[in-house]
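Reading through the structure tokens given below for one structure.
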Amino acid sequence: MSYEDKGLKVGIRDVGEIINLVDRLSGRLNAFNVIGRGVTLNVSQGNFDIELGFEVRPGRPLNRVVKIPIFDAQRANLTSLPSFTVLDDALIFDENDGIVLSLDHMPDGVDSILLNIRCPLKHRRFMSMLVNKQVQIEPRNDVTSYWMTAQFKHLRPLRDKLDSLRVEDLDFLVRVHIEQNIKEIIPHAFIRQLEVGRDLLQTKDREKKQSLAREHLRLAQANKLVGNEEKVIEKIEDLLKPSNFESYLDLIGQFYYHDCFQAGSFFRVPNFVIPSMMRVVSKTNLTLEEPAKEGELKFKRREFEDNFEEIFPKSTKKRKKRK
Amino acid sequence: MKHTHNQINLGIKSVFLPNNALQGEDIPTFILWKDVDYDQIIIKKYNCCTLKEIYNVAENAYEISDNQILINSVEVEGYLGLVFESTRSESLLIETNLNYCFMKKGDCVIESKHDLILFRPELEVKHTPKSLTIEEGRITSRKIELQNIGEGTCHLRFKASENSEVKITQPKRLREFFNGFFKTFNEEVKKVKTSYPNDDWIFEDLLFLTKTTFDPSNKPLMEEINLRFKRLDEAMEDHEKLRKDIIRIFTVSIFKNINIITVMEQFIEYLQSIAKNRVKLINSLDSIQLTQGNHIIELELYYTDLLLSDIPPIKLDPISITSDADVDLSIYNLFNWTGGQ
């Protein structure tokens, strides 16, 4: 069946690299009793943590120095359990040997230890091989929420080898399309005023310029927006600042809000005034115990439209038919 | 997401199936359960979708028969995930459902049923005039009337057919803006990509997508765009720093060229490119140049949905345009949009 071809093999190979690393680390610690093997993938940061819990076997002589040949670790620490006291002196980085655990520097009486090593994730497309993530491309016309989901592709190889796996901060980018709402609220008379203003700036014909200037003034007076086109655009820009726009968003379910940013469409002229859409970043975590999550991003369209409408003087407002 | 559960006992922890999706979109679904006594799970689907991927099930542990998927065992108890492939249909709306049944000795002991609506847009020509009259630079006769009679976004590109006497061209100022924009864009990409030595393909995709003219009439090109678009989107989703760097490239490229095209022009383009019912015009500012007198225009409308599906174009009958003076008219002026929002 197609799932073998859809990245699972590659996925296992890549997750397998981490699992193999955990295996090799456990092997290096064979003088100890390994009591827990965990991995945390920090997706948006592009790194992963290996967490190994181990304890001293009673009556068994220890290797005094344990060398772990990992050279690209971003961080490593050793803590005693259950107090979580950091054992700084017992761990060093060495150019030739990588991470070195020096048990001579371990305080007396410590018999349960947690080793944590953070390494970079080198494969950019790693996550798509491990997890199926999806967000709704667009909802039906009368719906203002977008579904999101994340699920592990295969659990067994992970469950067999690890006591815990946590995939943290899986990012989801939803495209909240706002341009139709914006277009529907902006009064036709104001659009006409903008068009005449543009033609006025562009024409070199003196007679045409005078006629356009008269029409522009007439429209601006009627719209109560004399000389105010740029101010209106500024107000729209303000409303669409991410810090303002986030108040029109609601996350329902097992996802949490992270960020949003303005985006144009690849398919049209690049915009620098008003975005075509807001891209909303939300996040979720997966674990072996919770291998699938669902969530919903709700765009509070009515509130957004009401506040947008306030930008225009009453006389120019378009009366919208509300459902 | 709320679903209607018809559960005989409370063993099901959670079920997900979207309640609406664009036709052609992948439909993910999963079910989580605990302490359920069953010997088989049957998934019944009506009137939609084929199985694309199945998660937490060994290759030999399931069968597909007609509209059912029979799962004999899962690898790790308590979780089953699937992805279905939906397709574009003749109908604008498809009402369908999916039913999870936990079976024990041939009986369904737990059932969970979920409805799904699959929608799609469709552009329909409501009126094609035999002739259009232009007086003092404005169309004074009844225009071409179009409507999105379905749901969902249409990206629409107007083209003049090869035989058309009147041609459609891009305004000079827009061309200048694009040239400046792309020059800066290239420079910014060069600077940023040094921080991502293993990810050249991301920047190749970014340059390709930014420079390529989106043209639904060119099927191989659209397939290429679709592939790269998905790939780039995935990369942006998985890497926050990269996402921020790409946003910065766009912002810098636009602001360095802001003097070429005015804020007002941009704003007008934005507004005129949005028609009714989620129809977005790709080349709304492209224009036709007419001299005083009679001319024939033959228009072709190419459009696609947000999945960039291949949709047959609409070819309009030749239209005679009469103008009282020489005129340069933006293409959006030829149309009226009917129907809802």
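Here are some conditions: (1) closer than 20 Å to A:Lys133 by Cα; (2) more than 14 Å from chain A (Cβ to nearest Cβ); (3) basic (Lys, Arg). B:Lys52 meets all but one. Which one does it not meet?
Checking B:Lys52 against (1) closer than 20 Å to A:Lys133 by Cα; (2) more than 14 Å from chain A (Cβ to nearest Cβ); (3) basic (Lys, Arg), the one that fails is (2).
For B:Leu307, are the conditions met, namely being modelled with pLDDT of 90 or more and within 10 Å of chain A (Cβ to nearest Cβ)? Even if it seems obvious, please write down each step before you answer.
On the way: modelled with pLDDT of 90 or more: yes; within 10 Å of chain A (Cβ to nearest Cβ): yes.
Yes, satisfied.
Looking for whichever is buried (at least 17 other Cβ atoms within 10 Å of the Cβ) and under 29 Å from the mean Cα position of the chain (by Cα) here; the options are A:Ile117, A:Ile68. Which one fits?
On the way: A:Ile68 fails: under 29 Å from the mean Cα position of the chain (by Cα).
Going through A:Ile117, A:Ile68 in turn, just one is buried (at least 17 other Cβ atoms within 10 Å of the Cβ) and under 29 Å from the mean Cα position of the chain (by Cα): A:Ile117.
The rows are residues; the columns are (1) in a loop (DSSP other than H, G, I, E, B); (2) of a type in the set (Lys, Arg); (3) within 13 Å of chain A (Cβ to nearest Cβ); (4) closer than 28 Å to A:Ser128 by Cα.
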{"site": "B:Ser164", "(1), (2), (3), (4)": "yes, no, no, no"}
{"site": "B:Glu176", "(1), (2), (3), (4)": "no, no, yes, no"}
{"site": "B:Asn186", "(1), (2), (3), (4)": "no, no, no, no"}
{"site": "B:Leu206", "(1), (2), (3), (4)": "no, no, yes, yes"}
{"site": "B:Phe214", "(1), (2), (3), (4)": "yes, no, yes, yes"}
{"site": "B:Ile225", "(1), (2), (3), (4)": "no, no, yes, yes"}
{"site": "B:Phe250", "(1), (2), (3), (4)": "no, no, yes, yes"}
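Please determine whether any residue of region B:238-246 is in a helix (DSSP H, G or I) and closer than 29 Å to B:Phe158 by Cα. Explain how you work it out, then say what you get.
Applying the first criterion (in a helix (DSSP H, G or I)) to region B:238-246 yields B:238, B:240-246.
From what is left, the residues that are closer than 29 Å to B:Phe158 by Cα are none.
Within region B:238-246 (the criterion being in a helix (DSSP H, G or I) and closer than 29 Å to B:Phe158 by Cα), the answer is no, since none of the residues qualifies.
Confirm whether A:Arg118 is in contact with an Asp or Glu (Cβ under 6 Å, 6 or more places away or on another chain) and modelled with pLDDT under 90. Steps first, please.
On the way: in contact with an Asp or Glu (Cβ under 6 Å, 6 or more places away or on another chain): yes; modelled with pLDDT under 90: no.
Taking the combined requirement at face value, the residue does not satisfy it.
Within the group A:Ile233, A:Ile178, A:Ile137, which residue is assigned by TED's automatic domain parsing to the domain that holds A:Glu246, modelled with pLDDT under 85 and surrounded by 17 or more Cβ atoms within 10 Å (Cβ to Cβ)? Spell out the reasoning first.
Working: A:Ile178 fails: modelled with pLDDT under 85; A:Ile137 fails: modelled with pLDDT under 85.
Testing whether each residue is assigned by TED's automatic domain parsing to the domain that holds A:Glu246, modelled with pLDDT under 85 and surrounded by 17 or more Cβ atoms within 10 Å (Cβ to Cβ) leaves just A:Ile233.
Okay, residues lined up against (1) at pLDDT 85 or above; (2) within 29 Å of B:Ile288 (Cβ to Cβ); (3) more than 29 Å from the chain's Cα centre (by Cα):
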site	(1), (2), (3)
B:Lys130	yes, yes, yes
B:Cys154	yes, yes, no
B:Lys159	yes, yes, no
B:Lys167	yes, yes, no
B:Arg175	no, yes, no
B:Ile202	yes, no, no
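Looking at B:Ala235, is it touching a residue at least 40 places away in the same chain (Cβ under 8 Å), surrounded by 21 or more Cβ atoms within 10 Å (Cβ to Cβ) and of a type outside the set (Lys, Arg)? First the steps, then the outcome.
Numbers: touching a residue at least 40 places away in the same chain (Cβ under 8 Å): no; surrounded by 21 or more Cβ atoms within 10 Å (Cβ to Cβ): yes; of a type outside the set (Lys, Arg): yes.
The answer is no for B:Ala235.
From A:Phe190, A:Phe261, A:Phe245, which residue is outside the structural domain of A:Trp147 (by TED's automatic domain parsing) and not polar (S, T, N, Q)? Walk me through how you get there before you give the answer.
On the way: A:Phe261 fails: outside the structural domain of A:Trp147 (by TED's automatic domain parsing); A:Phe245 fails: outside the structural domain of A:Trp147 (by TED's automatic domain parsing).
None of the others qualify; the one that does is A:Phe190.
Determine if region B:266-279 includes at least one residue that is surrounded by fewer than 16 Cβ atoms within 10 Å (Cβ to Cβ), closer than 22 Å to B:Gly150 by Cα and more than 8 Å from chain A (Cβ to nearest Cβ). Walk me through how you get there before you give the answer.
At the first step, the residues of region B:266-279 found to be surrounded by fewer than 16 Cβ atoms within 10 Å (Cβ to Cβ) are none.
No, region B:266-279 has no match at all.
The values are calculated or read from the model by the stated rules, or taken from the named source; none is laboratory data. Computed from a prediction, not measured in an experiment: that's the story for all the values here. Note: ideal-geometry Cβ built from the backbone for every residue, glycine included; neighbour counts use all protein chains shown.
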